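Peer 1: Quick one: the structure is below, questions incoming.
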């Protein structure tokens with residue numbers, strides 16, 4: 001990472017992306033005043049418009065430029081009905097995740113107020129955990145193909161690839177986070193009773209890594225049980241580690257438990273390298289331009305980015321401001337308020353002292 005000033009590439013993207021990222025950028029600018037955070041922001045127009053006008057998704061040399069010149073990327077969302085194949089979104093988002101080797105998908109699941117969760121009689125003390133999702137291989141590695149496509153005898157194969165290196169580094173990251181954050185338990189979710197080969201690798205690696213962290217309880221669950229227990233007893237979870245596909249599913253369930261995708265933040269991280277931070281709600285084309293999108297997910301993603309860049313105080317101030325707004329009902333309609341996207345962002349900025 002570069003010296004004292006952190007350089008941030010801002011990629012607003014498609015749909016509601018520019019609206020929510022505008023509010024997140026406003027929060028970062030506020031922190032310059034309140035916390036002396038030194039950031040240099042540079043905007044990039046990668047998205048559907050650029051693809052449709054120029055045929056360019058992720059420009060040539062973009063990954064090298066990001067690695068060389070930037071400390072982090074703050075992205076909005078990608079996806080546009082004018083591009084049915086979603087090629088530009090895959091090239092940009094998955095291109096950055098894979099090309100920059102961002103092997104940790106970090107998803108906090110933290111309930112800010114009891115009224116937001118669909119679970120009865122649960123409060124913030126019951127829903128507060130972090131999911132470490134493997135982010136570069138597994139079922140999303142693109143391996144597979146067709147035989148006899150378009151015929152009655154068609155066969156489609158979709159292969160899941162797990163490497164020793166890939167599994168070990170995400171499991172180690174989960175345990176390291178647990179120790180650093182003083183979390184007492186790491187739960188690994190797999191389906192090793194059916195997926196015998198990949199599951200066997202995950203089982204062996206998890207046990208070997210857990211033996212190095214005697215101070216942290218290591219728990220294994222089959223992923224279907226994890227999904228059930230996240231609803232029945234979410235308080236049992238501190239840190240969850242799992243593969244790419246199961247992580248994708250469990251984290252959306254987690255987002256529902258905490259109050260919806262509008263509040264969900266994420267980081268795509270390779271420790272010590274340029275990393276990508278984004279809200280997980282997607283581009284939501286039906287909401288674009290209506291000033292209804294919740295900016296909290298983007299703002300909390302910016303807070304994750306600040307923490308990663310070493311500005312823990314600023315990150316804590318942002319999280320506290322979002323929580324205060326939720327408690328006061330000063331939110332967009334998806335979380336029970338009446339504010340527009342810009343008004344919700346302004347309320348959060350006002351609470352950062």
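Bear in mind these aren't lab numbers, they're just calculated from the coordinates by the rules spelled out. Not measured: the values here are computed from a predicted model. Here the Cβ positions follow ideal geometry from the backbone for every residue, glycine too, while neighbour counts run over all protein chains shown.
Peer 1: Counting only DSSP beta bridges with both residues in the chain, tell me the antiparallel percent, nearest 5.
Peer 2: Around 40 percent of the beta bridges assigned by DSSP in the chain are antiparallel ones.
Peer 1: Sort out for me the Cα centre separation of region 282-306 from region 1-75, rounded to whole Å.
Peer 2: Comparing the Cα centres of region 282-306 and region 1-75, I get a distance of 14 Å.
Peer 1: Rounded, prolate or oblate: which fits region 35-193, taking a ≥ b ≥ c as square roots of the Cα gyration tensor eigenvalues, rounded meaning a/c under 1.5, else prolate when a/b beats b/c? Present the calculation step by step, with values, prior to reporting the outcome.
Peer 2: Details: a/c = 1.63, a/b = 1.18, b/c = 1.37.
Here region 35-193 falls in the oblate category.
Peer 1: Based on DSSP, what percent of beta bridges with both residues in region 118-258 are antiparallel, to the nearest 5?
Peer 2: Values: 5 of 19 bridges.
Within region 118-258, antiparallel bridges account for around 25 percent of the total.
Peer 1: Between residue 193 and residue 40, 0.36 nm times their residue separation minus their Cα-Cα distance comes to what? Provide the component values of the computation, followed by the final result.
Peer 2: Values: separation 153, 0.36 × 153 = 55.08 nm, distance 4.91 nm.
Roughly 50.2 nm would be gained on extension.
Peer 1: Over the alpha-carbon set of region 149-273, work out the extent along each principal axis and list the three values in angstrom, largest first.
Peer 2: 56, 35, 34
Peer 1: When you count, for each residue, the other Cβ atoms within 10 Å and take the mean per peptide, how do 4-16, 319-331 rank with the highest first? Working shown, then result.
Peer 2: Working: 4-16: 21.8, 319-331: 18.8.
Descending mean neighbour count gives 4-16, 319-331.
Peer 1: Please say if region 207-281 is rounded, prolate or oblate, where rounded means a/c under 1.5 for a ≥ b ≥ c the square roots of the C-alpha gyration tensor eigenvalues, and otherwise the choice is prolate for a/b larger than b/c and oblate otherwise?
Peer 2: Values: a/c = 2.07, a/b = 1.11, b/c = 1.86.
Oblate, since a/c reaches 1.5 and b/c is not below a/b.
Peer 1: Considering the chain as a Gaussian network with a 10 Å cut-off on Cα pairs, which listed residue, 17, 297, 95, attains the greatest mean-square fluctuation?
Peer 2: Result for the chain, Cα springs under 10 Å: 95 fluctuates most.
Peer 1: Within a 10 angstrom radius of the beta carbon, how do 88, 35 rank from fewest other beta carbons to most?
Peer 2: Details: 88 27, 35 18.
Starting with the residue having the fewest Cβ neighbours, the order is 35, 88.
Peer 1: Applying a 10 Å radius around every beta-carbon, put 194-207, 120-133 in order of their mean neighbour count, most first.
Peer 2: On the way: 194-207: 16.1, 120-133: 17.9.
Listed from highest to lowest mean packing, they are 120-133, 194-207.
Peer 1: Oh, and also: Between region 212-264 and region 146-208, what is the separation of their alpha carbon centroids in Å?
Peer 2: 14 Å
Peer 1: Further question on the same structure: Run the simple label-point estimate for residue 65 and residue 222 please: 7 Å along Cα→C-beta, distance reported in nm.
Peer 2: Inter-label distance under the simple model: 4.9 nm.
Peer 1: May I pose another question? For residue 94 and residue 249, FRET efficiency with R0 = 22 Å and r from the beta-carbon atoms, rounded to 0.05? Don't skip to the end; give the middle numbers.
Peer 2: Details: r = 18 Å, r/R0 = 0.80.
Once the sixth-power term is evaluated, E becomes 0.80.
Peer 1: How far, in nm, would the chain grow between residue 229 and residue 213 when pulled straight, counting 0.36 nm per residue and subtracting the alpha carbon separation? Display every interim value, and only then the final one.
Peer 2: Working: separation 16, 0.36 × 16 = 5.76 nm, distance 2.44 nm.
Answer, rounded to one decimal: 3.3 nm.
Peer 1: Next question. Run the numbers for residue 333 and residue 172: contour at 0.36 nm per residue of separation, minus the present Cα-Cα distance, in nm.
Peer 2: On the way: separation 161, 0.36 × 161 = 57.96 nm, distance 3.93 nm.
Value of the extension gain: 54.0 nm.
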